[in-house]
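First the structure, in the form of structure tokens, and then the observations on it.
The values are calculated or read from the model by the stated rules, or taken from the named source; none is laboratory data. These figures come from a predicted structure and were not determined experimentally. Positions of Cβ are generated from backbone atoms using ideal geometry, with glycine treated the same way; all protein chains shown enter the neighbour counts. When the accessible area is computed, the model is the full protein with side chains, heavy atoms only, and any ligands, DNA or RNA have been set aside. Shrake-Rupley method; radii C 1.70, N 1.55, O 1.52, S 1.80 Å.
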Amino acid sequence: MSIKPPLMDLPIKTADSGFYSGFSTHVAVISKIIIAALVLWAIVFPAQAGAILNAINSFILANTAYWYIYLVALFVILCLVLAVWPAAGRLRLGLEGDRPEFSNFSWFSMMFGAGIGVGMLTWAVAEPVYHFNNNPEVIQGLVEGATAENVRNAYKWSFLHWGLGAWACYAIAGLSLGFFCYRRGLPLTMRSSLTPIFGKSLSGPIGHIVDIVAVVATILGVAQTLGFGVEQFVAGLTRIGIGGLTNEGGTANTTGVIVAILVIMAASTASALSGVGKGIKWLSNINMGLSIFLLTFFLIFGSTFFGLQALFLGIWDYLIALPEMLFTVWRSDGVEDSVASNLEGWQGGWSVFYWAWWVAFAPFVGLFLARISKGRTIREFVLGAMIVPSLMCFVWFTWAGGTAIDLTLNGDAGDAIFGQPDGDKIFAMVVHMLGASLGWVMSVIIVILLMTYLVTTADSAVLIVNTINAAGDEGPKAKPHIYFWGIALGAVVAALLIAGATPDDPRGGLRAIQTAMVIGAFPFSVVMLLQCVALVKAIWNDSKREAAGVQATSLEDGVEPAQ
């Protein structure tokens with residue numbers, strides 16, 4: 001049987017005129033209805049919404065641990081295989097003559113800022129502290145929590161959640177889109193990545209469903225990130241002297257949530273209107289510069305030797321234990337508060353939650369990575385998108401979080417850092433290190449950095465959602481649609497934060513966002529598994545096409561592609 005060229009034409013019907021001109025009405029309208037319904041439901045019936053969402057969330061976390069653990073393990077293995085597979089690694093995300101649009105510095109800056117930068121400021125301190133006190137080794141009685149012997153375990157588990165597994169999720173989504181959109185000339189939208197499986201039928205309802213699932217997952221995944229960011233932003237504003245924004249426990253109150261959302265979404269919408277090459281690029285460069293400044297501060301004035309030791313030993317422990325950590329699934333033995341039950345609870349609250357979060361974030365970061373990575377080879381993309389950001393995360397965790405642990409373990413911090421809410425831990429640490437006056441100055445810098453990260457994340461998400469709704473059109477979008485998604489994203493965060501919080505449970509709002517995110521992530525996890533199958537199938541077939549002299553890339557300006 002003769003080898004045929006791949007599918008290089010996937011028409012997606014868009015409106016010719018009117019308010020939705022240039023947009024796929026099936027995707028845009030249904031996505032908006034789903035998000036609007038969620039917001040209204042959370043505001044009008046908060047108790048009912050919370051109960052139902054929590055029931056679904058509990059079911060998913062209790063019954064999908066195997067699914068998420070093994071799925072992310074597959075992503076890591078596949079990415080590494082593609083990087084070393086000669087037939088795959090040398091392929092370019094584009095035509096042979098295409099070269100990267102952005103410098104390596106801008107590429108890394110945008111990738112890190114949109115992908116994980118916001119979480120760094122919260123979790124680089126908070127997560128090592130959590131695992132320092134409790135982790136699977138502590139639960140099994142192998143080591144005592146909050147002791148020097150548990151430091152290495154704290155970093156091993158922190159690295160698991162923010163290292164190769166996280167970035168493999170983003171890399172799979174980005175690689176799939178970049179491959180099919182820039183090599184095949186298909187629309188820059190999620191359905192294009194499944195063409196080797198479903199073919200031209202993706203022009204219809206199947207493709208609409210894939211894109212709708214991607215839009216909803218994006219909004220909920222980004223809402224989770226912004227939810228943590230809003231809490232920390234309010235904590236920072238309180239630290240620099242703006243009062244009335246927090247409850248007695250230090251969490252953001254209704255006024256604080258509204259103020260933070262208005263500031264962040266107004267700035268992000270303005271940035272989104274300027275596009276990727278202007279506002280987002282410059283904001284990413286600014287926040288990377290401020291990140292380097294803050295990290296340098298911790299390197300010089302923090303627990304330098306402690307952080308350096310934690311970095312190298314943590315990476316060693318992480319890489320040695322990675323196969324076991326990626327594939328181990330703990331299940332309860334049915335006995336309350338037993339070791340098995342506690343291990344299952346820990347894994348569901350940490351690893352499974354994180355994998356769901358990164359999967360929900362993957363359509364957004366993946367499409368964004370594809371957009372800024374045209375012209376790079378698969379090997380360059382995989383190694384750049386997995387290893388460099390992972391190392392950056394590891395450095396942050398060991399020097400920022402390591403300083404907090406060292407000040408508490410060997411210094412005089414007492415409960416000054418560990419006793420604060422997650423978002424406030426980094427502010428409490430710098431104030432303890434520098435004193436009130438210089439601590440205030442550093443808190444202002446952290447607030448500005450956090451603001452740039454939040455804005456970069458939000459405006460990138462708005463552009464990505466509009467690109468999917470517009471059938472992959474990367475061009476300028478009608479301003480009302482940018483305004484809508486900017487408002488909608490802010491409304492999701494505000495509605496769930498406010499509706500979920502109660503006097504007895506001020507952190508219920510964050511849990512409400514987490515619940516909605518986990519639910520939204522599950523359908524897209526199925527899409528990502530299909531992306532893996534489609535990508536391997538396409539690369540394998542392209543190697544056979546190349547050997548047979550059959551065209552495997554799209555034409556551009558009438559020039560025949562290199563064979």
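Could you say which residue among ILE417, ILE378 is among the β-branched types (Val, Ile, Thr) and closer than 27 Å to VAL215 by Cα?
Residue meeting the stated conditions: ILE378.
When the residues of region 488-545 are narrowed to those that are of a type in the set (D, E, K, R), open to solvent by 50 Å² or more (accessible area, probe 1.4 Å) and closer than 30 Å to MET8 by Cα, which ends up modelled with the lowest pLDDT?
LYS544
Take region 11-58 and flag every residue that is open to solvent by 50 Å² or more (accessible area, probe 1.4 Å), small (Gly, Ala, Ser) and closer than 17 Å to ILE212 by Cα.
Result: ALA37, single match.
Report, by residue number, each residue of region 314-364 that is in contact (Cβ under 8 Å) with a residue 60 or more places away in the chain, farther than 28 Å from ALA214 by Cβ and not in a helix (DSSP H, G or I).
THR328, TRP330, ARG331
If you go through region 178-198 one residue at a time, how many are over 15 Å from VAL536 (Cα atoms), part of a helix (DSSP H, G or I) and touching a Leu at 6+ places or on another chain (Cβ under 6 Å)?
Result for region 178-198: 3.
Residues to consider are ALA217, ALA260; find the one that is part of a helix (DSSP H, G or I), free of Cβ contacts under 8 Å to residues at least 60 places away in the same chain, hydrophobic (A, V, I, L, M, F, W, C) and crowded, with 21+ Cβ neighbours inside 10 Å.
Residue meeting the stated conditions: ALA260.
Need the failing condition index for ASN133 against (1) under 23 Å from PHE228 (Cα atoms); (2) buried (at least 19 other Cβ atoms within 10 Å of the Cβ), just the number.
With (1) under 23 Å from PHE228 (Cα atoms); (2) buried (at least 19 other Cβ atoms within 10 Å of the Cβ) applied to ASN133, the lone miss is (2).
Every residue in region 286-299 that is of a type outside the set (A, V, I, L, M, F, W, C) and surrounded by fewer than 17 Cβ atoms within 10 Å (Cβ to Cβ), please.
Scanning region 286-299 gives GLY289, THR296.
Identify, please: which residue in region 333-388 is more than 22 Å from LEU82 (Cβ to Cβ) and β-branched (Val, Ile, Thr) and is, among those, surrounded by the fewest Cβ atoms within 10 Å (Cβ to Cβ)?
VAL335
Among GLY289, GLY302, GLY314, which is over 23 Å from GLY165 (Cβ atoms) and under 24 Å from the mean Cα position of the chain (by Cα)?
GLY289
Can you tell me which residues in region 159-187 are touching a Ser or Thr at 6+ places or on another chain (Cβ under 9 Å) and within 22 Å of TRP350 (Cα to Cα)?
Across region 159-187, the qualifying residues are PHE159, LEU160, HIS161, TRP162, GLY163, LEU164, GLY165, ALA166, TRP167.
Looking at (1) at pLDDT 90 or above; (2) closer than 30 Å to SER192 by Cβ; (3) of a type in the set (A, V, I, L, M, F, W, C), which is the one condition that is false for ALA370?
The one condition ALA370 does not meet is (1).
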